[in-house]
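Colleague: Mind having a look at this structure? Questions to follow.
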């Protein structure tokens, strides 16, 4: 696929196993590696698009499942698509909705057609299929979209469930590719979103190998690694990432690890060939007063020892919050009285922390 | 008092009864008339100081009562005073704590010494006196401070209570002035905060006249009108403001109406000689999805009719939120899913709305 082969330019391998590159999307270039915060409801929680951009973040992720349920992709489209909606002007990546359907919906039924689940608010039954996931993501106006896959939990490895999910994921991938081609047939190549296929296989290395081969052999613009950071140990996750790293082909396609945001994991993944990562961790931690400081240490700002601490979160940090001198004592107070500004300021700090990690691999 | 007589410069009366002027504070000039948002806990809720400044707001108010209880003025001072704490670099005005002691504390006892009340969190008994109110406000680092007064509710007019409160307020004012002079004796005149005396008297016009005379005869830098917007009708409030308007003397002192923030009331007050106003209304309304649009109309953004509304809050508005094109449909969605960004964006809009009203009287 010609277009897909020109998505990555300036690929430079580093000694540590990482690589720097530039990803071309229909909404501008992205410097890789890159960390993408989750804008679950269409915006990164409590931050303006301008505040997010100020952290150096280049891509924001939005959740197909949540936006499909509320306000619905038709409404988002009428309000200008995701970019007109939340005013983030850089590239946006949407997930497939698969992860949320499997992790949040208690009443769900998986058939070859797709997944039927109960709407958590209205109670009506909804069906998401590989085809409708493609349709929803395109309707939302996403620049990078993810194939709808069958995710299995770590507790579902008995009775060949991992194999069954693996096989279904690949049948569904073919349906996603077909539907994606149909939906984008009239678009000039430069205006097409990038479709990521998802590698599954749980902790079974042979299934992972086959899955990667199948995804790399498909007509997709990006390779996503799914089914990790779902409850397994770090060692188990690292083993899969290490196993996959020599198996990536030389096609100019970005590699996206879903749902990973802890600094040591980000470093490990990037040094094993990953280009893109997303996670709710930096913003969720921030809202709970937990911030990273140099050396990947976590500090909890509600701790009483910070009551009169005049120091910024991290004296070496160049984020808006630290550069403007907001003290740990001030932030502690605002958290203690339930003032949401504290969570916003700490979200900015944590996003800058992760973005700076990525920037180190680019230079 | 020489210093007080040079606080206001460029006083220009308008045809409509309002006046434009420049107020000199130790932290820069303020263009009058001006609306001051409430930063109850040391910051305007959910907004950075930069976002507040972007609305054109020049002065932020902080609540002495709340900050005294948590984290305490000693902690605020160690964290750099209110300016170092919340990073607002313009002038800050603190109230006396009196209003909250009277309105929020159920267990309170008023003596000539001061007011004893129960700490709402620790349960210990606390005493605030005219002297300690001055000390707390100076310790917080405020640029404009308010005398500690005896406020009576509208339901407490029986048995001479309004008269009793009126008389105590003026005895307390003298104690405030004495303590203020003691505390600021070593400061160069240009570094002294401005002390506002408070006019009380409920809805009793004769008491209001005497109270204003006493305050204007005191050695204070500003005149505050208290005890309004506490549950009386608009007509009752307007009657007091109209009654007072010809009674202000010609001293170069600003007139501050406490706790008024509804646009028609702001216009009425300004056109009856008021220079400064504060209220929680614009930010509290905003957090509850209520915003002002041209003509002082209120719209409730959670209304279903805004679901697919691509229009900004007010097409004629120049606030950050409207200028950046955030649609009513987007804001409605964010309110419906509990995303705090919606309240922040609407707070910006409402503060800009009130500030623009003030600006119209300045030109």
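Each reported figure results from applying straightforward, stated rules to the coordinates on display, with no laboratory input. Since the structure is predicted, the reported quantities are computational estimates derived from the model, not experimental observations. Cβ placement follows ideal geometry from the backbone for every residue including glycine, while neighbour counts extend to all protein chains displayed.
Colleague: Which residues in the range A:77-99 have a backbone N closer than 20 Å to a point placed 7 Å from the Cα of residue A:26 along the Cα-to-Cβ line?
Modeller: A:77-97
Colleague: What's the exposure ranking of A:144, B:237, going from fewest to most Cβ atoms within 10 Å?
Modeller: Fewest-to-most Cβ neighbours within 10 Å comes out as B:237, A:144.
Colleague: Return, ordered by residue number, the residues of the range B:293-328 whose backbone nitrogen is under 19 Å from a label point located 7 Å along Cα→Cβ of residue B:362.
Modeller: From the range B:293-328, the list is B:317-321.
Colleague: Computed FRET efficiency, Cβ-Cβ of residue A:233 and residue B:310, R0 35 Å: what is it to the nearest 0.05?
Modeller: 0.15
Colleague: If you build a Gaussian network model of chain A, linking Cα atoms that sit under 10 Å apart, which residue out of A:70, A:89, A:15 swings the most?
Modeller: Top of the fluctuation ranking is A:15.
Colleague: Which distances, in nm and shortest first, link the residue B:113 label point to the same label point in every other copy, taking 7 Å along Cα→Cβ?
Modeller: Those separations, rounded to one decimal, come out as 7.9 nm.
Colleague: Output the relative contact order of the range A:37-148, whole-number percent, from Cα pairs under 8 angstrom with separation of 6+ residues.
Modeller: Over the range A:37-148, the number comes to 27 percent.
Colleague: Going by alpha carbons, how many degrees (0 to 90, nearest 10) lie between the helix axis of A:161-184 and the longest principal axis of chain A?
Modeller: 90 degrees
Colleague: Placing a label point 7 Å from Cα toward Cβ, how far apart in nm is residue A:247 from its equivalents in the other copies, listed shortest first to one decimal?
Modeller: 8.6
Colleague: A further question on this structure: Quick check on the range A:179-302: take the gyration tensor over C-alpha atoms, sort the square-rooted eigenvalues as a ≥ b ≥ c, and tell me if it's rounded (a/c under 1.5), prolate or oblate.
Modeller: Oblate.
Colleague: Taking 8 Å as the Cα distance limit and 6 or more residues as the minimum spacing, I'd like the relative contact order of chain A as a percentage.
Modeller: Reported as a whole number, the value is 18 percent.
Colleague: Still on this structure, please answer the following. Nearest 5 percent is fine: what portion of the DSSP beta bridges confined to the range B:1-159 is antiparallel?
Modeller: Bridges in the range B:1-159 that DSSP calls antiparallel: roughly 75 percent.
Colleague: Just from its helices, what would the mean residue ellipticity at 222 nm be for chain A, if runs of 4 or more DSSP H residues each count -39500 (n - 2.57) and the sum is divided by every residue, rounded to the nearest 500 deg cm²/dmol?
Modeller: Per the formula, -11000 deg cm²/dmol.
Colleague: Moving on to the next point. Assuming R0 = 45 Å, what is the FRET efficiency of residue A:12 and residue B:323, from their Cβ-Cβ distance, to the nearest 0.05?
Modeller: So, using R0 = 45 Å, E works out to roughly 0.65.
Colleague: On to the next question. Taking square-rooted eigenvalues a ≥ b ≥ c of the alpha carbon gyration tensor, is the protein assembly as shown rounded, prolate or oblate, where a/c under 1.5 means rounded and, failing that, a/b exceeding b/c means prolate?
Modeller: It comes out prolate by the Cα gyration axes.
Colleague: If you take every DSSP beta bridge whose two residues both sit in the protein assembly as shown, what share of them, in percent to the nearest 5, is antiparallel?
Modeller: Counting only bridges with both partners in the protein assembly as shown, antiparallel ones make up about 50 percent.
Colleague: Using 1/(1 + (r/R0)^6) with R0 = 56 angstrom and r between the beta carbons of residue A:108 and residue B:74, what's the FRET efficiency to the nearest 0.05?
Modeller: The formula returns an efficiency of 0.50 here.
Colleague: Please compute the average number of Cβ atoms from other chains found within 10 Å of each residue's Cβ in peptide B:308-318.
Modeller: Mean inter-chain Cβ contacts per residue within 10 Å come to 1.
Colleague: May I pose another question? For the range B:15-65, what class follows from the C-alpha gyration tensor (a ≥ b ≥ c being the square roots of its eigenvalues): rounded when a/c is under 1.5, otherwise prolate if a/b is larger than b/c, else oblate?
Modeller: Prolate is the answer for the range B:15-65, as a/c is 1.5 or above and a/b outweighs b/c.
Colleague: Moving on to the next point. For the rotation bringing A onto B, which A residue has its Cβ nearest the axis, and at how many Å?
Modeller: Looking at chain A's Cβ atoms against the axis toward B, the nearest is A:340, 2.
Colleague: If one takes the longest principal axis of the Cα atoms in chain A, at what angle in degrees, from 0 to 90 and to the nearest 10, does the Cα axis of helix A:130-140 lie?
Modeller: Helix A:130-140 and the main axis of chain A meet at about 50 degrees.
Colleague: Using a simple spin-label model with points 7 Å from Cα along the Cα→Cβ vector, what separation in nm is obtained for residue B:288 and residue A:243?
Modeller: 5.7 nm
Colleague: Once both axes come from the Cα atoms, what is the angle between helix B:340-362 and the longest principal axis of chain B, in degrees from 0 to 90, rounded to 10?
Modeller: The angle comes out at about 60 degrees.
Colleague: Among A:145, A:299, A:223, which one shows the highest mean-square fluctuation when chain A is modelled as a Gaussian network with alpha-carbon springs under 10 Å?
Modeller: Maximum fluctuation in the GNM of chain A, among the listed residues, is at A:299.
Colleague: Have a look at B:46, B:190, B:133 and tell me which one the Gaussian network model of chain B (Cα, springs below 10 Å) gives the largest fluctuation.
Modeller: Maximum fluctuation in the GNM of chain B, among the listed residues, is at B:190.
Colleague: Taking beta carbons within 10 Å but only from partner chains, what does the mean come to for residues A:321-331?
Modeller: 4
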